[in-house]
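Colleague: Pasting in a structure now, in structure tokens, and then I'll have a few things to ask.
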Amino acid sequence: MTHWTTTPITADLVRGALDLVATDRGLLPQRLPARARAQLPDEATAEAVARPAGVRLALRTSATQLEVDVVRTRTTTATSAGPGPLAPDGVYDLLVDGVLVARSTAPGGDVVEVDPATGAAELRRGPVGSVRFRHLPPGEKDVEVWLPHTEITTLVALRADAPTAPAPVPAGRRTWVHHGGATGTGADSPSATWTALAAALGGVELVDLGFDGAAHLDPFTARALRATPADVISLEVGRDVVVGDSLRRRAFGPALHGFLDTVREGHPDVPLLVVSPLGDPDLEELPASTGAHDAAAGRLSLRTCREAVAEVLGQRAADDPRLFLLDGLALHDPAAEGTADTPLDHHRVAERFARGLFAPGAPFAA
């Protein structure tokens, strides 16, 4: 019979979150602090911020069995015909001493049904589910449980067949804070996003502030970055602006200047990388039907957005020698690589990022 030891889930066990919100069922990781969340413009942005991309439990233990009780929250549409299909189950990754050894999922959880006609949302509460990992290697080890990057997760309880304690961050390990649009789209699991893979290759501690569809150079995000401890920072800018048409050409440059000014107030000397949009053939140019009119009105495509990013970085270069530009096409260029009809290759993007940024002599080198 297994003898279980329950360890309270506290902030020192959680990495990658900027806030932990106490709810009636447990702790909800959030990737922006409360002040920033109070200024979020819509529910879609709030959901993107609450999805725990890059958030993980970090333990030191000799346990060979581990369980985490969670409440997952998924969103679907609801019409007169009934609720729509749910997305596939989110994946939990278990890493032992930095090596992926198991994956699991959680049953139960809550479902939010949204009426697409009115925007009204109804919460259907479900049971707590348990994520179970068996057959961990014996002996003391550092264990990480990476939470799903695709669904909101409330942490309820942690059990193991041996005592657990917070795993210490390795001495000298630097913190890399990344902000941009979605970093996990198409990734099989949370430790297989390009940011997680690049962090492993670079030997850095990841804080992933990649918000699916919600990276619009918002001032509240810049202020959160200003206050977040970081040794290196990267910003992928532009794609969500293009998709959402949230800034036109006239406003984009000043908005990027202002965002960088705010981040630099808190991090005047850290290496700061700006990544222009990665390639996407569907967004490189404006739609043919409205292109001439929209171009005259200053609507951005990915191509013109990259030009605007390069212009801003050029204007700042002389006064900021630790500010760097990376053309997003250097990470992912489907048109040149013949990969337009295939998902983003997270391993390839991670390798390119790490080789160009973390290698000796590169901007993010130790």
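Colleague: Within region 33-75, can you find the residues that are closer than 23 Å to ALA200 by Cβ and within 20 Å of the chain's Cα centre (by Cα)?
Modeller: Listed by number, the residues that qualify are ARG51, PRO52, ALA53, GLY54, VAL55, ARG56, LEU57, ALA58.
Colleague: Another one. Failed condition for THR76, given (1) closer than 27 Å to ARG132 by Cβ; (2) modelled with pLDDT of 95 or more; (3) β-branched (Val, Ile, Thr), with all others met?
Modeller: (2) is the only condition that THR76 fails.
Colleague: Oh, and also: Can you find a residue in region 279-296 that is in a strand (DSSP E or B), under 25 Å from the mean Cα position of the chain (by Cα) and either modelled with pLDDT of 95 or more or more than 27 Å from ARG174 (Cα to Cα) (or both)?
Modeller: no
Colleague: Restricted to region 1-51, and to residues that are surrounded by fewer than 20 Cβ atoms within 10 Å (Cβ to Cβ) and among the polar types (S, T, N, Q), which residue is nearest to HIS179 (Cα to Cα)?
Modeller: Of everything passing the filter in region 1-51, GLN39 is nearest to HIS179 (Cα to Cα).
Colleague: Right, here's the next one. Modelled with pLDDT of 95 or more and of a type outside the set (Val, Ile, Thr): is that true of ALA120 in this structure?
Modeller: no
Colleague: Kindly list, by first and then second residue, each pair from a residue in region 259-274 that is without any contact (Cβ under 8 Å) to a residue 60 or more places away in the chain to a residue that is surrounded by fewer than 22 Cβ atoms within 10 Å (Cβ to Cβ) and polar (S, T, N, Q), limited to pairs with Cβ atoms under 9 Å and residues at least 6 apart or on different chains.
Modeller: GLY266/THR228; HIS267/THR228
Colleague: Taking GLY126 and the conditions (1) farther than 27 Å from TRP194 by Cα; (2) in a strand (DSSP E or B); (3) in contact with an Asp or Glu (Cβ under 7 Å, 6 or more places away or on another chain), which numbered condition does it fall short on, given that it satisfies the others?
Modeller: (2)
Colleague: Does region 295-311 contain at least one residue that is assigned by TED's automatic domain parsing to the domain that holds TRP194, under 25 Å from ASP231 (Cα atoms) and not polar (S, T, N, Q)?
Modeller: yes
Colleague: Looking at region 207-222 only, could you name the residues that are of a type in the set (A, V, I, L, M) and either crowded, with 24+ Cβ neighbours inside 10 Å or in a loop (DSSP other than H, G, I, E, B) (or both)?
Modeller: Within region 207-222, VAL207, LEU209, ALA214, ALA215, LEU217 meet the criteria.
Colleague: Taking region 150-173, which residues are surrounded by fewer than 16 Cβ atoms within 10 Å (Cβ to Cβ) and farther than 22 Å from HIS3 by Cα?
Modeller: The answer is PRO168, VAL169, PRO170, ALA171, GLY172, ARG173.
Colleague: Out of the residues in region 297-307 that are assigned to a helix (DSSP H, G or I) and of a type in the set (D, E, K, R), state the one that is surrounded by the most Cβ atoms within 10 Å (Cβ to Cβ).
Modeller: ARG306
Colleague: Six or more apart or on different chains, Cβ atoms under 6 Å: show the pairs whose first residue is in region 178-196 and more than 19 Å from ASP89 (Cβ to Cβ) and whose second is crowded, with 20+ Cβ neighbours inside 10 Å and of a type in the set (Asp, Glu).
Modeller: HIS178/ASP208; GLY180/GLU236; GLY181/ASP240; THR183/ASP208; THR195/ASP208
Colleague: Report the residue count in region 52-73 for those that are buried (at least 19 other Cβ atoms within 10 Å of the Cβ), not in a loop (DSSP other than H, G, I, E, B) and not acidic (Asp, Glu).
Modeller: Of the residues in region 52-73, 11 are buried (at least 19 other Cβ atoms within 10 Å of the Cβ), not in a loop (DSSP other than H, G, I, E, B) and not acidic (Asp, Glu).
Colleague: Can you confirm whether PRO334 is within 23 Å of the chain's Cα centre (by Cα) and modelled with pLDDT under 95?
Modeller: yes
Colleague: Condition first: without any contact (Cβ under 8 Å) to a residue 12 or more places away in the chain and in a loop (DSSP other than H, G, I, E, B). Now tell me which residues in region 89-118 satisfy that.
Modeller: Within region 89-118, THR118 is the sole residue that qualifies.
Colleague: Check whether at least one residue in region 308-331 is closer than 30 Å to ARG173 by Cβ, in a loop (DSSP other than H, G, I, E, B), in contact with a Gly (Cβ under 7 Å, 6 or more places away or on another chain) and modelled with pLDDT of 95 or more, and report yes or no.
Modeller: no
Colleague: Evaluate region 180-192: report whether one residue or more is under 17 Å from the mean Cα position of the chain (by Cα), within 22 Å of ASP320 (Cα to Cα) and assigned to a strand (DSSP E or B).
Modeller: Looking through region 180-192, at least one residue is under 17 Å from the mean Cα position of the chain (by Cα), within 22 Å of ASP320 (Cα to Cα) and assigned to a strand (DSSP E or B).
Colleague: Take the residues in region 223-254 that are of a type in the set (Gly, Ala, Ser) and assigned to a helix (DSSP H, G or I), then tell me which one is modelled with the lowest pLDDT.
Modeller: Selected residue: GLY244.
Colleague: Can you find even one residue in region 115-130 that is of a type in the set (A, V, I, L, M) and surrounded by 19 or more Cβ atoms within 10 Å (Cβ to Cβ)?
Modeller: No, because not a single residue in region 115-130 is of a type in the set (A, V, I, L, M) and surrounded by 19 or more Cβ atoms within 10 Å (Cβ to Cβ).
The values are calculated or read from the model by the stated rules, or taken from the named source; none is laboratory data. Just so it is clear, the model here is predicted, and its values are computed rather than measured. Quick reminder, even Gly has a Cβ in these numbers, built from the backbone with ideal geometry, and neighbours come from all protein chains shown.
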